[in-house]
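Heads up, the thing below is written out as structure tokens.
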Amino acid sequence: MDDAIKASTAVTVYRYLEARSWYNGTKLPRTPAGPRVTPETLAENLGQGLRLLADGVLVYPGASPPIVGDDADPDFLAAITGRDEAVEIKADHLEQLRRYVSHGGSLPRRKHEPER
């Protein structure tokens, strides 16, 4: 796998994990070594040939989108990939999460967070 595909897949998976953590109100998962997952650790895993990454996220780097499975939260993945009714969330928040995972930007603001 070339470095560009590895890097873009790692960044997409990282944003997905951030979005899932935002939705569930949890922290990012940890790597087997202990620290929180980063785009760099995900790219390293991909470089080692792993396809089942942090917290049960299955990827096919050549696919679009590259995330094809989520053992920890399959309903959230279904919502991100187009099944609107898979999770309970405001439609505008779901759309913002989808954009964030695919293209970057920012996560939706929580009610208690000030605007940036």
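The values are calculated or read from the model by the stated rules, or taken from the named source; none is laboratory data. All of these numbers come straight from a predicted model, not from anything done at the bench. Ligands, DNA and RNA are stripped out before the accessible areas are found, and what is left, the full protein with its side chains, is counted by its heavy atoms. Shrake-Rupley method; radii C 1.70, N 1.55, O 1.52, S 1.80 Å.
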Output needed: percent of Cα pairs per 5 Å distance bin for region 1-69, bins running from 0 to the one holding the longest distance.
3, 19, 32, 27, 14, 5, 1
For I80, solvent-accessible area (1.4 Å; no DNA, RNA or ligand), Å²:
20 Å²
Round to the nearest 10 and give me the degree value, 0 to 90, for the angle of helix 91-103's Cα axis relative to the longest principal axis of the chain.
20 degrees
Compute the separation of the alpha-carbon centres of region 1-33 and region 55-71 and state it in Å as a whole number.
10 Å
Using 0.36 nm per residue, how much length does the chain from K27 to R83 gain when fully extended, once their Cα-Cα distance is taken away?
17.7 nm
Compute for region 8-116: radius of gyration divided by Kirkwood radius, i.e. Rg/Rh, restricted to C-alpha atoms, rounded to two decimals.
0.95
